[in-house]
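Here's the structure, in structure tokens; my notes come after.
The values are calculated or read from the model by the stated rules, or taken from the named source; none is laboratory data. Keep in mind the model is a prediction, meaning the values are calculated, not measured. Quick reminder, even Gly has a Cβ in these numbers, built from the backbone with ideal geometry, and neighbours come from all protein chains shown.
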Amino acid sequence: MMTDPISDLLTRIRNAAAARHARVDVPASKLKTEVVRIMKEEGFISQYKLVEESKAKKTLRVFLKYTTDRRSAITDLRRVSKPGNRRYVASKGVKSVVGGLGISIVSTPRGVMTGRDARKANVGGELLCEVW
């Protein structure tokens, strides 16, 4: 039984990037799909797609992005809010990541969005993770 699926997603992406894999497959969920969508919009991964293996089982296939000299676009990923220690922030409490080079992903009442978008929309929520 997995207790933290978001942490599992980030660890699989981190390990695949370290091993220079072209893609990584993870069990799909709506929250994981939204996190990966934001990572694509911000340019940290090249593509993702939902693969339906059977009626009940869906897989999220994430295609990693590399530079021409095979360095990953993702330097690191960090899970902030954990099941045993949830981290909630107000709209003003969302800080920049690595001086603005990274992003924070926040789950808000208006959906999952980047920290920058949450500040603009003046909403807070659970600070899921940071990517840089």
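Just the residues that are among the basic types (Lys, Arg) and either modelled with pLDDT under 95 or part of a loop (DSSP other than H, G, I, E, B) (or both), please, taken from the stretch 15-45. Correct list: 20 only. With the condition kept exactly as written, say whether any residue in the stretch 56-78 is among the aromatic types (Phe, Trp, Tyr), touching a strand residue (DSSP E or B) at 6+ places or on another chain (Cβ under 7 Å) and surrounded by fewer than 13 Cβ atoms within 10 Å (Cβ to Cβ). No: zero hits. Restricting 85, 122 to residues that are closer than 26 Å to residue 2 by Cβ, out of contact with any strand residue (DSSP E or B) (no Cβ under 7 Å at 6 or more places or on another chain) and at pLDDT 95 or above narrows the list to 85. Each residue in the stretch 6-30 was checked for being loosely packed, with under 14 Cβ neighbours inside 10 Å and over 15 Å from residue 64 (Cβ atoms), and 1 pass. Checking each residue in the stretch 8-28 for being of a type in the set (S, T, N, Q) and either under 18 Å from residue 81 (Cα atoms) or under 12 Å from the mean Cα position of the chain (by Cα) (or both) picks out only 11. Among the residues making up the stretch 101-125, those that are of a type outside the set (A, V, I, L, M), more than 19 Å from residue 40 (Cβ to Cβ) and in a helix (DSSP H, G or I) are 119, 120.
The set of residues in the stretch 104-132 that are aliphatic (A, V, I, L, M) and within 20 Å of residue 30 (Cα to Cα) comprises 105, 106, 112, 113, 118, 127, 128, 131. Here 81, 91 are screened, and the one residue that is in contact with a helix residue (DSSP H, G or I) (Cβ under 6 Å, 6 or more places away or on another chain) and not acidic (Asp, Glu) is 91. Can you report the number of residues in the stretch 46-93 which are assigned to a strand (DSSP E or B) and either under 19 Å from the mean Cα position of the chain (by Cα) or touching a residue at least 12 places away in the same chain (Cβ under 8 Å) (or both)? Within the stretch 46-93, residues that are assigned to a strand (DSSP E or B) and either under 19 Å from the mean Cα position of the chain (by Cα) or touching a residue at least 12 places away in the same chain (Cβ under 8 Å) (or both) number 22.
Pairs linking a residue in the stretch 4-23 that is under 15 Å from residue 75 (Cβ atoms) to a residue that is modelled with pLDDT of 95 or more and assigned to a helix (DSSP H, G or I), with Cβ atoms under 8 Å and 6 or more positions apart or on different chains, do not occur.
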